[in-house]
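To start, the structure under review is shown below, and the notes come after it.
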Amino acid sequence: MATAPDPNHPVRRRRFLHVLPLLALAPPARADYPPVQRGRTLAFPGDHGAHPDYRTEWWYVTGWLTGHAGGELGFQVTFFRSRPRLQEDNPSAFAPKQLLFAHAAIAEPRHGRLRHDQRAAREGFGLAYADERNTDVRIDDWLLRLDATRYQARVVSRDFDLELAFDAREPVLLQGQGGFSRKGPRPAQASFYYSRPQLPVSGRVRIGTLHFTVSGRAWLDHEWSSEIMDAEAAGWDWIGINLEDGGALMAFRMRNTKGGVLWAAGTLREASGTARSFAPGEIAFVPLRRWRSPRTGVEYPVAMRVRARDTELDLEPLMDDQELDSRASTGTIYWEGAVRAKRGGRLVGRGYLELTGYWNPVRL
C-alpha cells in the first residue's frame, strides 16, 4: 500500500521537518563535486561502500519472493545518499553534511495495491550512516549490509517487515564501459554503475499479522554520480530482469520533455557469463498497455516491449497498481513494479520495471 509516513510518529515528524527544507535549499552541482570520468577502475570491496564526496548515490534491491499462501510477491528496498553542500565547515554533529533516504515496498496481488514506507534522516550519531568501506547503510532499524558474500536487508514498517539475506557469490556486472555509464548526450552526464543480478534470496516477511518464510531471486544496483540530469530530460524507464536461463538484462532510456528519447543503454549478461553492452540506437521501449492511477491520475505504460539489439521481451506487471508516492522523502511520484518477462508468450524471466517522470519531470 503506497502510503506516506505517519505524521504523528515523533521521530519521522522531526526528520521530515528538518530534511525537506534542506533539499529545497540544495544548490546545483558545482565544480567541487568529483566528476564521473571514463577510465576509473572500480575496486572492491571499497566501491561497494559510500562515496560521500559525490552528489548522489543509491543502493537498490528488487526481487520476487515465494513462500506464503498468497503466491508470489515483489519487493523493493532502496537507500539513497545525498551531499547537499550545506554547512560543510560546521563542526556540529547536527550539520546536514549528508542526507539519507530509504524506500521499501511489497507488491502483493491479493492486496491489490503496493504496501510502501519511507524514511529520511541526516547522517549522524550512529543512527543514520553510509559506511565508505563496504555496503553498510542504515536509518535507525532499516539497514542494508554486505558481509563477505552475503547481503542483509532489514525493514521494519507499520504494515510490513522484511528480513532478507542475499547470496552474492557471482561477479559484479559492470554497466556501460567498465562501470562508466552514460546518462545523456554529454560525456559528463554519467554515473559509476554496477549490478549484482541473480541473487538467491531467503528470509522472513511480515504482512499485517501474517509471518512467513520466503525464498526467491533479486537484483541489486549500486550507482553514484555528481551530475544533475540534462535540462531536457523528463525521466527514465529502466528494467532489471533475471532471466530463467541464468542470464540478466539491464536496459534504460532517458525520455525528454517532448516524449522522445534523450539517451538509452543496456547490458546483457549471458548465462555463460559473457556480457555485451548496447548503444542508444539498439534500445527500444514500446508501450503495450497503459494504466491510470485512481489516486493521482497519472498514466503509466505498465506493460512494455523492450528490445536490446536482437533480444526482445514483453513485460507484464505482477499487478497494475505499483505506484509509489515518495513526496515525503525524495519528492516525487513514480511507478516501480515487479514484472514478468515473456518471449512468444513463454515466461523467460522476472524482474522490475521503473517508470519516472510521468507525474512531473524528475529533478535530481
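One table, with the values for the structure above:
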read-out	value
Values of log10 I(q)/I(0), in the order q = 0.10 Å⁻¹, for the chain under a Debye, Cα-only, solvent-free model	-0.58
Alpha carbon centroid spacing (whole Å) that separates the stretch 44-112 from the stretch 314-364	17
Cleavage-rule hits (trypsin sites (Lys or Arg not before Pro)) in the stretch 264-305: DSSP loop, at most 14 neighbouring Cβ within 10 angstrom	295
Order of 258, 183, 97 - criterion: other Cβ atoms within 10 Å of each residue's Cβ, fewest first	258, 97, 183
Relative contact order %, the stretch 48-355, counting alpha carbon pairs below 8 Å whose residues are six or more apart	15
Spacing of the two label points (7 Å from each Cα toward its C-beta) at residue 44 and residue 307, in nm	3.3
Computed Rg/Rh of the stretch 160-317, alpha carbon atoms with Kirkwood Rh	1.00
Set of lysines with alpha-carbon distance to residue 183 below 24 Å, sequence-local pairs under 8 removed	258
The stretch 130-178: trypsin sites (Lys or Arg not before Pro) falling in loop per DSSP and having at most 16 other Cβ within 10 Å	133, 158, 169
Label-point gap, in nm, between residue 342 and residue 284 - each point 7 angstrom along Cα→Cβ	2.0
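Here, each number is a calculation from the coordinates, and none is a lab measurement. Since the structure is predicted, the reported quantities are computational estimates derived from the model, not experimental observations. Positions of Cβ are backbone-derived with ideal geometry, glycine not excepted, and every protein chain shown enters the neighbour counts.
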